[in-house]
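Note sheet for the following structure.
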Amino acid sequence: MAQKVIHVGIGTFGKRWCREFLKTNVDDGTISVVALVDIDPAALAYGRAMLGVPEARCYTDPRRAFAEVAADFCTIVVPPITTRRSSTSRSSTASTSCARSRSPTRWRGRCGSRAKFPRPSARWA
């Protein structure tokens with residue numbers, strides 16, 4: 001039985017998630033994308049076309065998506081500043097766990113450019 005997922009964020013990196021990670025798992029029956037969330041309607045259109053999610057299950061408000069759609073887990077691919085807002089909007093009644101993509105700020109200290117970029121703070125760990 002396919003696990004139900006709500007995908008949040010269809011920007012540059014989120015499109016890659018739709019194209020490479022989610023689509024592959026949808027095609028092999030591992031997951032079923034039950035809702036998409038993004039603030040940009042054009043990004044939602046891309047996600048709908050790529051993953052076959054109906055327009056009624058595409059949201060611009062993550063709180064509404066988590067309140068209306070039951071899911072086993074969610075993927076959040078948004079900038080760090082909006083990650084907390086997206087992850088805390090999960091419905092308290094749902095048994096949803098979240099997987100967050102690594103933000104570019106987490107990699108700065110590991111790219112050999114420590115003088116230019118400060119080491120990420122522990123709060124992003």
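Could you list which residues have their amide H under 5 Å from that of Cys74, counting only those 5 or more apart in sequence or on another chain, with H placed in the peptide plane?
Hits under the 5 Å cutoff: Ile6, Ser97, Cys98, Ala99.
Per-residue HN-Hα couplings for region 56-70, Karplus 6.51 cos²θ - 1.76 cosθ + 1.60 at θ = phi - 60°, whole Hz, x for Gly and Pro?
Per-residue couplings from phi come out as 5, 9, 10, 10, 9, 10, x, 4, 5, 4, 5, 6, 9, 10, 7 Hz.
Computed from the coordinates by the stated procedures, all read-outs in this text should not be read as laboratory data. Fair warning: this is a prediction, and the values are worked out from it, not measured in the lab.
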